[in-house]
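> Before anything else, here's the structure in question.
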Amino acid sequence: MSDALIRARALVAGWESPATAPLDFVVESGRILGLTGANGVGKTTVLSALAGRARVFSGVLEARLGLRLALQTQDVPPVGGVPLSGRELLALTGATVDGLPPWLAGRIDDRLDRLSGGQRHYLTLWAVLQAPADLVLLDEPTNNLDSAGVAHLASALRRLAGSGTALVLVSHDHEFVERICDQVIVLGEPANVV
Amino acid sequence: MWSDLFVLPFLTGLCLALVLPVLGCFLRLRDEWLAALAYAHVAAAGALLALIGGAMPALGGMAAAALAGGGKRLFAGRLAGGAAFALLLLGGWAVAVLLAANQPLAEQLGHSLFDGQLYFSGVAQLALVAPWSLFAAVALVFLSRHLLLARVYPDYFAARHLRAWPVVLGFDLVAALTLALATMTMGVMGGFALVFVPAWIAFRRARSWRNGLLLAAVIGIAGYGAAFLLALGLDQPFGPVLALLLIAVGLIIA
């Protein structure tokens with residue numbers, strides 16, 4: 001497959017010790033891969049291994065040379081007390097304001113620590129989503145979002161995939177994952193591809 | 001006022017009054033405001049050591065601060081959470097006090113370094129401070145995006161395979177050398193006041209990062225100018241007048 005960005009064969013990832021069941025998958029341009037499953041099965045660990053943060057204990061993980069990654073984690077960016085505006089945050093990652101939902105676009109010049117938790121989460125997520133990248137890795141992106149935020153995120157992800165960007169998405173929200181992903185892997189023992 | 005006796009010290013301090021508040025914003029961003037006191041004390045100890053060793057105190061102070069700024073990376077694993085700066089502060093203070101207690105020459109310079117000696121700045125000091133301040137300002141502008149990115153999105157930074165250590169090492173060296181020069185120009189607490197207070201006000205009041213840097217620089221320059229004139233008019237030491245003025249401004253507008 002010429003548009004494969006990442007290929008995993010019998011991949012077992014972890015931090016101090018192996019934390020996932022062996023996994024096989026291919027991440028391709030323009031497609032969204034969802035990783036779901038119960039708490040503790042290693043969804044975030046797999047995502048971290050793709051980002052080069054967690055260890056690969058066995059199996060093979062091949063990435064295309066020069067692959068540009070963008071990574072969103074569950075950690076909240078430490079912007080409390082820092083006079084950083086939303087527009088400046090987007091500029092940091094090279095993201096654009098175009099396409100932001102109206103409820104956020106109007107507050108783009110406000111300080112991040114003066115936005116609501118949901119607004120701040122969506123803006124920090126947007127800064128990663130819109131960064132120039134071949135592959136976007138998202139860890140629980142629907143956390144802290146209301147229904148309007150989730151709906152806007154779903155259409156933004158589909159639009160991003162339509163432009164050729166690959167996405168890997170970790171979420172406990174099965175309905176969201178099923179709705180927007182082209183392929184879903186339910187992590188567990190053994191791994192099942194749906 | 002407009003004789004060389006006052007113009008040279010004024011211009012020397014003015015350069016620092018522009019760059020120290022901006023540096024303070026980046027130190028505050030990185031939760032490293034204690035670095036200002038740490039590098040200042042290490043620079044003071046280095047200057048005294050150089051004096052006793054027969055070398056130029058200014059070079060000794062800058063070398064010690066640069067060594068501390070670059071060298072603390074070697075112990076990063078053990079010195080997380082600001083411990084490096086606390087230990088540098090204690091070590092610098094201890095060495096400086098011991099040297100001053102045992103060497104009459106060092107005692108005299110030690111008092112100057114801790115009290116501030118801005119009014120004794122001459123052409124040589126201005127020739128050192130002015131180009132360095134310009135370089136530090138340009139370096140901070142150059143490092144700004146990566147410093148912000150590393151703070152706000154550390155995982156993104158790593159995922160893009162951007163190397164953090166050249167940015168951090170570069171910043172540490174700029175901070176250490178700027179604070180060493182500030183200590184030897186306006187004293188430990190005069191420099192600390194310009195690093196801490198304008199950045200503190202800016203972080204509370206500014207609408208954006210760019211606005212914050214500008215606000216900090218304006219407060220630094222205005223506070224410095226007013227303190228210089230006030231200290232001169234009242235025949236008082238500059239450092240304490242600057243500190244009290246900035247504290248008053250901070251309590252009113254922060």
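> Can you tell me the equivalent ellipsoid semi-axes for the range A:7-58? Use √(5λ) from the Cα gyration tensor, largest first, whole Å.
With the √(5λ) rule applied to the range A:7-58, the semi-axes are 18, 13, 10 Å.
> With just the Cα atoms of the range A:91-189, tell me how far they stretch along each of the three principal axes, in Å, largest first.
Cα extents, longest axis first: 46, 26, 20 Å.
> Now for a separate question. Looking at the range A:4-193, send over the antiparallel percent of its DSSP beta bridges, to the nearest 5.
Details: 16 of 34 bridges.
Given both bridge residues lie in the range A:4-193, the antiparallel proportion sits at roughly 45 percent.
> Let me ask you something else. Quick check on the protein assembly as shown: of the DSSP beta bridges with both residues there, what percent are antiparallel, nearest 5%?
On the way: 16 of 34 bridges.
Expressed as a percentage, antiparallel bridges in the protein assembly as shown total about 45.
> For the range B:11-105, just say rounded, prolate or oblate: build the C-alpha gyration tensor, square-root its eigenvalues into a ≥ b ≥ c, call rounded for a/c under 1.5, and beyond that prolate if a/b exceeds b/c, oblate if not. Before the final figure, lay out each step's value.
Working: a/c = 2.15, a/b = 1.25, b/c = 1.72.
Judged from the Cα gyration tensor, the range B:11-105 comes out oblate (a/c at least 1.5, b/c at or above a/b).
> Turning to a different aspect of this structure: I need the chymotrypsin sites (Phe, Trp or Tyr not before Pro) found in the range B:4-37, filtered to DSSP loop residues with at most 16 other beta carbons within 10 Å of theirs. Could you put the intermediate results ahead of the total?
On the way: sites: B:6, B:10, B:26, B:33; in loops: B:33.
For chymotrypsin sites (Phe, Trp or Tyr not before Pro) across the range B:4-37 that sit outside H, G, I, E and B with at most 16 neighbouring Cβ atoms in 10 Å, the list is empty.
> Let me ask something else. Roughly what angle does helix A:117-129 make with the longest principal axis of chain A, taking Cα atoms, 0 to 90 degrees, to the nearest 10?
60
> Sticking with this one: Per residue of A:77-89, how many C-beta atoms from partner chains lie within 10 Å of its own C-beta, taken as a mean?
Numbers: counts 6, 5, 3, 0, 5, 10, 17, 9, 7, 1, 3, 7, 5.
Rounded to a whole number, the mean comes out at 6.
> Please list the radius of gyration and Dmax for the range B:103-254, considering alpha-carbon atoms only, with Å as the unit.
Here Rg and the maximum Cα pair distance are 17.6, 57 Å.
> Could you give me the radius of gyration and the Dmax of chain B, taking only the C-alpha atoms into account and expressing both in angstrom?
Final numbers for Rg and Dmax: 17.7, 57 Å.
> Something else about it: Calculate the mean, over all residues of peptide B:202-209, of how many other protein chain Cβ atoms lie within 10 angstrom of the residue's Cβ. Could the numbers behind the result be given before it?
Numbers: counts 1, 4, 2, 1, 5, 6, 10, 10.
For peptide B:202-209, the averaged partner shielding equals 5.
> Roughly how many debye, to the nearest 20, is the charge dipole of the protein assembly as shown about its Cα centre, given +1 on each Lys and Arg Cβ, -1 on each Asp and Glu Cβ, and no other charges?
Values: 29 positive and 28 negative charges, 67 e Å.
With only Lys, Arg, Asp and Glu charged at Cβ, the dipole is about 320 debye.
> Starting with the highest mean, order A:169-182, B:180-193 by the number of other Cβ atoms within 10 Å, averaged over the residues of each peptide. Please report the intermediate quantities before stating the final value.
Details: A:169-182: 17.9, B:180-193: 28.1.
Highest to lowest by the protection proxy: B:180-193, A:169-182.
> I've got another one for you. Just to confirm a number: summing +1 for Lys and Arg and -1 for Asp and Glu over residues other than residue A:92 whose beta-carbon lies under 14 angstrom from that of residue A:92, what do you get?
Net of charged neighbours comes to +3.
> List the trypsin sites (Lys or Arg not before Pro) within the range B:36-121 that fall in a DSSP loop (any state other than H, G, I, E or B) and whose Cβ has at most 10 other Cβ atoms within 10 Å.
Numbers: sites: B:72, B:73, B:78; in loops: B:78.
The qualifying sites are B:78.
> Report the convex hull volume per residue for the range A:1-127, counting only C-alpha atoms, in Å³. Working shown, then result.
Values: hull volume 18.2 nm³, N = 127.
Expressed per residue, the convex hull around the Cα atoms of the range A:1-127 is 143 Å³.
> Using only helices, what value at 222 nm comes out for chain A when you add -39,500 (n - 2.57) per DSSP H run of length 4 or more and divide by the total residues, to the nearest 500 deg cm²/dmol?
On the way: 6 runs with 56 residues, N = 194.
-8500 deg cm²/dmol, from helical runs alone.
> Gaussian network model of chain A, Cα springs within a sub-10 Å range: biggest mean-square fluctuation belongs to which of A:84, A:35, A:125?
Maximum fluctuation in the GNM of chain A, among the listed residues, is at A:84.
> Report the residue, chosen from A:22, A:78, A:141, that carries the largest GNM mean-square fluctuation when chain A is represented by alpha-carbon nodes joined by springs under 10 Å.
The residue with the greatest mean-square fluctuation here is A:78.
> A further question follows. Based on the mean of other Cβ atoms within 10 Å per residue, sort peptides A:100-107, B:145-152, B:113-120, A:151-158 so the most packed one is first. Display every interim value, and only then the final one.
Details: A:100-107: 15.0, B:145-152: 19.0, B:113-120: 20.5, A:151-158: 16.9.
Averaged packing, sorted descending, gives the order B:113-120, B:145-152, A:151-158, A:100-107.
> Across the residues of B:142-150, average count of Cβ atoms on other protein chains within 10 Å? Mind dumping the intermediate values first?
Details: counts 0, 0, 1, 5, 1, 0, 6, 3, 0.
The per-residue average across the peptide is 2.
> Rounded to two decimal places and with Rh computed the Kirkwood way over Cα pairs, what is Rg over Rh for the protein assembly as shown?
Working: Rg = 26.4 Å, Rh = 24.3 Å.
Taking Rh as the inverse mean 1/r over Cα pairs, Rg/Rh reads 1.08.
> Follow-up question, since we're still on this one. GNM on chain B, C-alpha springs below 10 Å: top fluctuator among B:100, B:43, B:66?
With Cα springs under 10 Å in chain B, the top fluctuation among B:100, B:43, B:66 is at B:100.
Any read-out appearing in this document is the output of simple, stated calculations on the displayed coordinates, not a laboratory observation. This structure is a prediction, so every number in the text was calculated from the model and none was measured. Every residue, glycine as well, gets a Cβ built from its backbone with ideal geometry; the counts of neighbours run over all protein chains shown.
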